[in-house]
Amino acid sequence: MKNKIYIQIKKGILALSLLGFTFGSAYAQYCTPTFTDIGGGDFISYYEVGDIVNYSDEDADNYADYTADFSTDLLMGATYTVYCDVGPDWDEAIKTFIDYDQNGVFEDYEEVGCVIVPNATGGGSYEFTVPFDAVPGTTRLRAICEYNGPCDGLTACFSGTYGEAEDYTVVIIGGDDCEGTPDAGTASSTMETTCASSVFTLSVPPVTAAGVTYQWQSSVDGSTYTDIDGATSSSLSTSQTDATWYQCVVTCTGSGESSISTAVFVNNECLGCMDETALNYYAEANVDDGSCFYGYTISDCAYEGSLLTVPDGTVELCLTDDGVSTAQPIGFDFPFYETPYSEVYVGANGYMSFNSGLGSACCTGQLLPSATYPNSIFFGQEDFDPNSCTDGDIYTWTQGDPGSQIFVLAFENVPHYPGPDIALVTVQVQLFEATGEIKIVSTEINNDGGSSTMGLNLDGTIAQPVDGRNQELWTAYDECILFSPADAGGGSDCDLVPPTDIYVDGLSAYTAIFHWTNPEGTGATKGTLWELSTGDYRKFTVYETEEYSFAGNLTPSTTYGIRLKSACADGDYWTPSLFSDWYYFTTDPLREGEFAQSIALYPNPNDGNFRIQLNGYESGEAQVIIMNAVGQVMYDANISIDANASVHDISLNLAAGTYIVKVINGSEIVTNTIIVE
């Protein structure tokens, strides 16, 4: 069944006040979007969905509550088309939300569509289907627009400059009632592994009937599950701090029968730089990905002898007030934060960038890090006025022999705005081909009562300002500041390759001693130990050794993987290699009488090919039965066992899902679960 919806949005910046509304017994207080430009021409001019057909002009406060004026029924499982148009002045992104669960909040999953509509083009459209897990009854639909988009950043509670929102009433009508046992299907996740702050979405296929409830459950061991509070839809947006299995219990309320979805496993392997001394240190990372980045060390250098003389015949670079130069050749490839550049752009207000198309950086010091001025060097940046070669002089040149050349940018007696003699500035920026170093040599940097900035800026997250000179009030006379590429590699004697010859000895039920061989010159080793059955990680860092012990804190009869990276260390800085390949081992079992018999399954999750390890059993035979979630036997065999760890390869063609493994030895029964992906 298809119905259509036509939406027309207005342009203008508004402060939306969304009041609580009452429909029958339903009460909800919705968020209030805010737009600061009122009456700017941003608005929804037409909106149609089902019985809602609304032509409208721009609203006085950029919000219109049409909940008492327009209403339509929406049938679960039915598909509708939204048509939308905008006012005559501006292009708009138009997005629609429906509060399907009637909780007074427009969640991300309740977005039904979005389109960017150019003005005076006849509008746009998109389709949506009402989910079967929507709550029947009266609820609210919100259409919201923002000037020029994009769709990705537009939320139901958006706060910005130009836009408008309109609210309407919709009534969700249930479909046919569920009968018998519902099919819970297979749970899925938008992420296979995640960091603690990452939000991912779990989902199962919604049952195409009314009278169905959902309850998401979680488990850290893949065996014991607990309900997740409030997780009662066919999809769930969540985050986690530990590796976790998820499943969904789907119930038909009419029959009272339930089924459990195939579980999905979401790992907690968070990749990133784990060295706190690095510029890109990521506190959430639990697996170092070798991306650690150290930038530059900042130190004083001798002013005397550092200031270079402008060569005869050098042509002056004429810049207007707030002007930025065309590309100036460096004369060699210079590695700024490890990326080579061959030309620079000079800003009249005291910055030099390796990027084109940047602004003037007027009229006060930029606060670093700055996303606005990436790949830039700030040398007293504030508000200067060279006045097109009239006040002060600006030069660029390259001197020296190939391989040891120096590029120089010189400001000489350049005044602050409005000039010509206000707070003169004389400073040089020098780039060294041989070493990758940067010098800022200041003869005189006066301030004119405003803040200024000196330092290096990579992007909006990484910068290295000089202490006390990051959008602050300061002066400099006869000084030299040196930026040296951080030598985290320990020099040329350090070979950045992963450790080799990894092996384990001293193995028992609880202990393992790891050994490896590091490359010549590496003084540090970082390791990650992975417990396959749980996804848990442990990390360690050691210096000047090729041995590490986990003594007394491992789990019996458990398979682990370990991988290592070497590091070239120099003081507080170090550069890691890539990780070695995984090395796998299994701890010894506990003997009969030490602890209850157990089984170990690995890898887990797997693709149907795995190993089963039986520990602590007396010699003889054990029956191994593998069943699916509804109790159907998928595998039944007797295998030989003895007092030692007994390992058997299992190869099955299984559908993705959770399976129960049962081991029967006389009167003893031990169970575990596996995940097949």
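The numbers here are math on the coordinates, done by the rules we state, and not lab data. Quick caveat: nothing in here was measured; it's all calculated off a predicted structure. All Cβ positions, even for glycine, are placed from backbone atoms using ideal geometry, and neighbour counts span all protein chains on display.
DSSP beta bridges fully contained in region 228-319 are about 70 percent antiparallel.
Basic side chains Lys and Arg get +1 at the Cβ, acidic Asp and Glu get -1 at the Cβ, and with that the dipole of the chain about its Cα centre reaches some 1640 debye. How much of the pair distance distribution for region 188-266 lies past 15 Å, counting alpha-carbon pairs only, in percent? For region 188-266, the share of Cα pairs beyond 15 Å comes to 53 percent. Across all Cα pairs in region 47-138, the calculated P(r) in 5 Å bins from zero up to the longest distance comes to 3, 12, 20, 25, 22, 12, 5, 1 percent per bin.
Could you tell me how many cubic angstrom of Cα convex hull volume region 413-569 has per residue? Please report the intermediate quantities before stating the final value.
Values: hull volume 27.2 nm³, N = 157.
Taking the convex hull of the Cα positions in region 413-569, it is 173 Å³ per residue.
Annotation: amide H of E621 within the under-5 Å range of I641, sequence separation 5 or more or interchain, hydrogens built in the peptide plane. In region 299-485, taking the dipole from charged Cβ atoms about the Cα centre, the farthest positive-side position among A371, V429, G392 is held by A371.
Across the chain, the mean sequence separation of Cα contacts (distance under 8 Å, 6 or more residues apart), normalised by length, yields a relative contact order of 8 percent.
Based on the Cα atoms of region 231-359, what semi-axes does the equivalent ellipsoid have, where each is the square root of 5 times one gyration tensor eigenvalue, given in whole Å with the largest first? It would help to have the intermediate numbers written out before the result.
Details: eigenvalues 690, 88, 28 Å².
Calculated on Cα positions only, the semi-axes equal 59, 21, 12 Å.
Based on alpha-carbon atoms, the Kirkwood radius and the radius of gyration of region 160-230 give Rg/Rh equal to 1.09. Taking other C-beta atoms within 10 Å as the exposure proxy, R140, R611 rank R611, R140 from fewest upward.
Cut-off is 10 Å between beta-carbons; in what order do L202, L75 appear when sorted fewest neighbours first?
L75, L202
Sorted ascending by nearby beta carbons within 10 Å, beginning with the fewest, H416, H648 become H648, H416. Listed values for region 377-391 are Karplus-derived 3J(HN,Hα) couplings in whole Hz (6.51 cos²θ - 1.76 cosθ + 1.60, θ = phi - 60°), namely 10, 9, 10, x, 3, 7, 9, 9, 9, x, 6, 6, 6, 8, 10, and x replaces Gly and Pro. Converting phi to 3J(HN,Hα) with the Karplus coefficients 6.51, -1.76 and 1.60 and the offset θ = phi - 60°, region 360-372 yields 7, 6, 8, 9, 9, x, 6, 8, 9, x, 9, 6, 6 Hz in sequence order, with x at every glycine or proline. Measuring between their Cα centroids, region 232-282 and region 531-557 lie 25 Å from each other. Counting Lys and Arg as +1 and Asp and Glu as -1 over every other residue whose Cβ lies under 13 Å from the Cβ of I481, the net charge comes to -3. Would you give the gap between the C-alpha center of region 40-109 and the C-alpha center of region 359-408, rounded to a whole Å? Region 40-109 and region 359-408 have Cα centres spaced 50 Å from each other.
Derived scalar couplings between HN and Hα for region 42-50 equal 9, 6, 8, 9, 8, 9, 9, 8, x Hz in order, rounded to whole Hz, by the Karplus curve 6.51 cos²θ - 1.76 cosθ + 1.60 (θ = phi - 60°), x for Gly and Pro. Neighbours of S71 by Cβ distance under 11 Å: Lys/Arg scored +1, Asp/Glu scored -1, total -2.
Compactness check for region 299-485: Cα Rg over 2.2 N^0.38 Å is 0.92. For the chain, the tally of Lys pairs with Cα-Cα distances below 28 Å comes to 8, considering only residues 8 or more apart or on different chains. On a per residue basis, the convex hull of the C-alpha atoms belonging to the chain measures out at 208 Å³. Percentage of Cα-Cα pair distances in region 68-194 greater than 22 Å, rounded to whole percent? In whole percent, the share of Cα-Cα pairs in region 68-194 beyond 22 Å is 45. With K and R counted +1 and D and E -1, the other residues having a Cβ less than 10 Å from that of E316 yield a net charge of -2.
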